[in-house]
Every structure is written in structure tokens, then in C-alpha cells.
1. Looking at the chain as a GNM with Cα springs under 10 Å, which of 129, 168, 118 has the largest mean-square fluctuation?
2. Summing Lys, Arg as +1 and Asp, Glu as -1, what charge do residues with Cβ under 12 Å from the Cβ of residue 48 carry, residue 48 excluded?
3. Can you tell me, using C-alpha contacts under 8 Å and at least 6 residues apart, the relative contact order of region 162-216 as a whole percent?
4. If the only charges are +1 at each Lys and Arg Cβ and -1 at each Asp and Glu Cβ, what is the size of the charge dipole of region 190-232 around the Cα centre, to the nearest 20 debye?
5. Considering Cα pairs under 8 angstrom that are at least six residues apart, work out the relative contact order of the chain and quote it in whole percent.
6. Please compute the contact order of region 101-237 in relative form: average sequence separation of alpha-carbon pairs under 8 Å and at least six residues apart, divided by the residue count, as a percent.
7. Taking 0.36 nm per intervening residue step and subtracting the Cα-Cα distance, what contour gain separates residue 27 from residue 174 on full extension?
8. Among residues other than residue 105 whose Cβ falls under 15 Å from its Cβ, what is the net charge (Lys/Arg +1, Asp/Glu -1)?
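Just so it is clear, none of the values below were taken in a lab; they were calculated from the coordinates. This is a predicted model, so every value here is computed, not measured. Every residue, glycine among them, receives a Cβ derived from its backbone with ideal geometry; neighbour counts consider all protein chains shown.
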Amino acid sequence: MKATPGQQQLLLKTHELSTELQRAKRTLAELESGAALRELQAEMRASSEVLLSAQQRYEEFEVDIARVLTDIELVDSRIERDLARLATSSNPKDIGGVQSELAALESRKSLLETSELEFLEARDAAGFEVAAAKKLRDELIEKIAAVEATIHVELGKLQSSVSIVESEIRATRSSVPEELMAQFDRKATRGVPIGRLIDRACGTCHLSLTSAVYSDVMSSAEDELPTCPNCEAFIVR
Ligand SMILES: [Zn+2]
């Protein structure tokens with residue numbers, strides 16, 4: 001294929017720009033798909049569930065504590081009433097009955113107080129869990145906002161670099177003869193269309209050229225663009 005050294009350089013540049021464009025478009029698609037956010041959003045959902053369940057437990061313990069406190073008040077008022085009866089009664093049978101009821105009330109009160117302590121401890125533990133879950137959620141909210149802002153900036157940069165590269169490609173292509181460009185495009189649909197000669201190997205498929213092919217390549221005219229017999233890419237000397 002005929003191609004002046006200048007055109008050969010333009011083809012190489014077109015290939016480099018196309019590679020750059022593909023890379024930028026892949027990154028763009030990745031950013032637009034929101035893959036970077038998905039993991040954080042999943043963490044966010046998990047942390048919201050943890051927070052919700054800790055809050056529910058906290059509220060349940062609050063209800064338990066209120067119930068136990070009401071029971072204690074009730075027991076206290078019965079103890080008070082019994083003590084008053086004890087102070088005024090002179091009947092030994094009544095006194096005996098009140099005393100045994102008082103003993104039962106005291107042991108009931110002691111059980112209730114133990115429960116109250118247990119519920120208080122459990123509520124405080126749930127309170128710590130709520131605080132930790134809120135902290136994690138706030139951190140995630142910040143992280144997500146930061147990632148979203150970065151994505152926004154990156155998207156803008158990529159979109160403008162894509163359009164710059166696209167116009168560079170158009171400019172380069174317009175400086176290459178149509179037939180040569182068509183050959184290049186045909187090769188590009190099958191794989192990498194062009195590469196440099198690196199030592200004695202094709203820069204595209206990295207296969208060493210046989211001595212015969214190598215000497216053909218080296219002895220061909222300056223405006224001749226040889227093709228690799230293995231991968232069919234153009235070889236630029
Ligand atoms: Zn090759």
C-alpha cells in the first residue's frame with residue numbers, strides 16, 4: 001500500500017487517538033452506569049436497616065422501663081398502705097397477714113428493680129448502637145455526595161475530552177487519502193490496524209518477522225506501507 005511517511009504518521013496518530021477515544025468512552029460509560037456509587041448505596045441501605053432495628057430496640061426497652069416503673073410505683077403504694085394498716089392494727093391475725101403480704105411485696109419490688117436495671121443497660125447499649133449507626137450513615141451520606149461530585153466533574157472533563165479527540169480524529173482522517181483510510185478502517189474492524197516495527201518484530205502482534213519478510217520490509221520504498229503477514233496490520237518503520 002502506498003503511503004508517504006507523513007501519511008503513515010497520520011495513520012499511527014489516528015490509531016492512537018481512536019484507542020484514547022475508546023478508553024475515554026469506556027470510562028464515561030462506567031461513570032454513567034453509577035458503578036462507583038452502587039457499593040456505597042448498598043452500604044447505605046444496610047446501615048439504614050441497622051439504624052432502624054437499633055432504634056426499634058431502643059424504643060421497646062423504653063416501653064419496658066416505663067412499664068416496670070409503673071409496676072414499682074404500684075408495689076410502693078401497696079407497701080405504704082400495708083405499713084399504714086400495720087401501724088393502726090392490733091389484731092395479731094391481721095398483723096400476720098399484712099406482714100406476709102409485705103414480705104411478698106418486697107420480694108416483688110426487688111425483682112422489678114433487677115428488671116429495671118437490666119432494661120436500662122439494654123436500652124443504653126441500644127442507644128450506643130443507634131449513635132454508631134447514625135455516625136456511619138452520616139459518613140456514607142458524605143462519601144456518596146463526594147463521589148457524586150467527583151463523577152459530575154469527571155463526566156464533564158471526559159465529555160469534553162471525547163469531543164476534542166473526535167475532532168482531532170476527523171482532522172487527521174481528512175488529511176489521509178480515501179483509499180488508504182478505507183484500507184486502515186478495514187483492518188481496524190478486524191483488530192489493531194497499525195503498529196511500529198520494534199526490533200525485528202511487528203509492533204502489533206509482537207511476532208518476529210522472518211528474515212525474508214524483514215528484508216522486504218526494510219528494502220521497500222519509503223512511501224510503501226508494508227503489512228504484517230501474521231496479523232495483517234500495517235507496519236511503520
Ligand atoms: Zn503482526
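1. 118
2. 0
3. For region 162-216, the relative contact order is 15 percent.
4. For this selection, approximately 240 debye.
5. So the answer I get is 34 percent.
6. Reported relative contact order: 15 percent.
7. Full extension of this stretch gives 50.2 nm more.
8. Its environment carries a net charge of -3.
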